[in-house]
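The next block holds one structure in the form of structure tokens; read it before the comments.
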Amino acid sequence: MITETELLQQAKRFKEEALTEVYDRYSPGIYRYAMRLLANENLAEECVSETFSRFLKTIKHGNGPDRYLQAYLYRIAHNWITDFFRKHPDPVSIEDLNIAIHSDDPQEEAMKRLEAQNMLSYLKLLTAEQRQVIVLKYLEGWNNEQIAHAMEKPLGAIKALQHRGLQSLRRLLAGDELL
């Protein structure tokens with residue numbers, strides 16, 4: 001399997017196989033990331049599309065990363081999502097949730113949907129950076145170093161954002177004052 005750095009170098013030369021591999025390798029994760037933050041299949045698909053469109057425009061102009069391709073793509077997706085929330089600050093309603101929650105018990109399914117909406121609502125109350133760290137760390141399974149590369153921040157800043165984000169979530173879950 002080709003390394004990320006080799007793949008990036010080939011993609012910058014617009015090799016079709018490399019561009020296809022970039023999309024195939026990273027689009028499922030970016031889609032999951034967008035779904036967790038947007039809770040809407042159409043918006044998640046739009047985020048993926050826009051992420052790769054922006055990546056192609058960047059490399060076409062001779063810019064973009066020299067390494068850490070995955071982190072770079074997630075940063076593009078995160079910026080798109082942040083812009084979306086700035087333009088559409090209204091919370092997502094339970095009817096809008098397109099989360100794959102299936103159960104034979106309607107009451108259990110309703111409870112899972114409500115929990116998913118509550119978590120989404122709590123995540124939206126965090127700062128954009130705290131939200132990004134929490135989602136990448138706990139939902140995507142990234143380590144702090146990967147997150148630091150994606151956010152272009154020092155490792156200590158990532159740890160601080162994670163700590164503050166988790167503190168805020170604990171307060172919210174405990175029913176204390178909002179942030």
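Points worth noting:
- Taking helices (runs of 4 or more DSSP H) as the structural unit, those lying wholly within the stretch 1-93 and holding at least 3 residues that are among the hydroxyl-bearing types (Ser, Thr, Tyr) correspond to 16-38, 41-60, 69-87.
- One residue from ARG67, ARG13 being modelled with pLDDT under 95 and within 24 Å of GLU152 (Cα to Cα): ARG67
- Residue check for GLU152: more than 22 Å from LEU120 (Cα to Cα) and in contact (Cβ under 8 Å) with a residue 40 or more places away in the chain: yes
- Condition met for GLN146 (at pLDDT 85 or above and over 16 Å from ARG32 (Cα atoms)): yes
- Subset of the stretch 128-179 (residues that are surrounded by 14 or more Cβ atoms within 10 Å (Cβ to Cβ), in a loop (DSSP other than H, G, I, E, B) and not acidic (Asp, Glu)): TRP142, LYS153, LEU179
The values are calculated or read from the model by the stated rules, or taken from the named source; none is laboratory data. Worth saying up front: this structure is predicted, and the values here are computed from it rather than measured. A quick note on method: Cβ atoms are made from the backbone with ideal geometry, for glycine too, and the neighbour counts reach across all protein chains shown.
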